[in-house]
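The values are calculated or read from the model by the stated rules, or taken from the named source; none is laboratory data. Since the model is a prediction, treat every value here as computed from it, not as a measurement. Cβ placement follows ideal geometry from the backbone for every residue including glycine, while neighbour counts extend to all protein chains displayed. Calculation scope for accessible area: heavy atoms of the full protein, side chains included, ligands and nucleic acids excluded. Shrake-Rupley method; radii C 1.70, N 1.55, O 1.52, S 1.80 Å.
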Amino acid sequence: RSQYTCFTVTNLHALTMDSFEICRGAGRGISKSQSGDITVTNCFVWSCGSSGTSGRAIYISGSAAATRATVTDCVVSNHYFSGYGTAGNGPLHLATLAGATVSRCLFTHNGLAFGSVPGLGNMSAGALPGRDNGWGAALAVVDAPITLADCQFRVNVAPTTRHGKNQSGGIAVLRGACGGSVVRNCAFVGNENLYGETSEKNPDEEAGALVVRLSATTDVARVENCTFTRNLYAG
């Protein structure tokens, strides 16, 4: 078990990472910064990072003007939220990019442990593990137009909201400058959102299998030929 991020990439030129298996690293599996393009393909990333780390499996950031990221034929699995106020955002986290493509990837068993007991009665840390401000139980995208194609999201569990704070939730979340994004031929099956808040005072803003919150009212995202089935919402 690595005590640090397994691969730290600070590239100015295009880079490809192919056919790695990364398991139980204490830091991120892959962390990329700087403006160079990156392709991650045929990788299996399982159970990396502490629960407070954004992008525990793969974290990619770069230049909004120049950087393009491609993640294809990968498995992102078993990255769990735990505790209170400690969850990070998205096992796969893409931030500040000119464009991104994620295709033929499987996201499964990320977020809270499946079958966690929902409830609003006791707000203590022990009673409601994972109820915090993490968002994107499987995928978190911020300020990065994305093409998400032929991916499967199965049995991921998101904490829907920090009580009264409306800060968390969603299995796959697109936020900010993601105009022009396309979600195509993807399957969202058997995912769950817990700890729902349905009152008018504290409505959930980010619950669901797919959450899209674009920064500009003129921005558009498309969802094409996708399957949503047996996704649960508690609240």
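Identify the single condition in (1) among the polar types (S, T, N, Q); (2) touching a Cys at 6+ places or on another chain (Cβ under 8 Å); (3) under 17 Å from residue 95 (Cβ atoms) that residue 53 does not satisfy, given that it satisfies every other one.
Result: residue 53 passes all but (2).
Return yes or no: is residue 175 at pLDDT 95 or above, among the charged types (D, E, K, R), open to solvent by 10 Å² or more (accessible area, probe 1.4 Å) and within 28 Å of residue 104 (Cα to Cα)?
Against the criterion (at pLDDT 95 or above, among the charged types (D, E, K, R), open to solvent by 10 Å² or more (accessible area, probe 1.4 Å) and within 28 Å of residue 104 (Cα to Cα)), residue 175 does not qualify.
So, in segment 22-48, how many residues would count as being open to solvent by 20 Å² or more (accessible area, probe 1.4 Å), outside any strand (DSSP E or B) and not aliphatic (A, V, I, L, M)?
7
In segment 84-128, how many residues are under 21 Å from residue 46 (Cβ atoms), assigned to a loop (DSSP other than H, G, I, E, B), in contact with a strand residue (DSSP E or B) (Cβ under 9 Å, 6 or more places away or on another chain) and modelled with pLDDT under 95?
12
Can residue 75 be described as open to solvent by less than 20 Å² (accessible area, probe 1.4 Å), within 21 Å of residue 5 (Cβ to Cβ) and either of a type in the set (S, T, N, Q) or modelled with pLDDT of 95 or more (or both)?
Taking the combined requirement at face value, the residue does not satisfy it.
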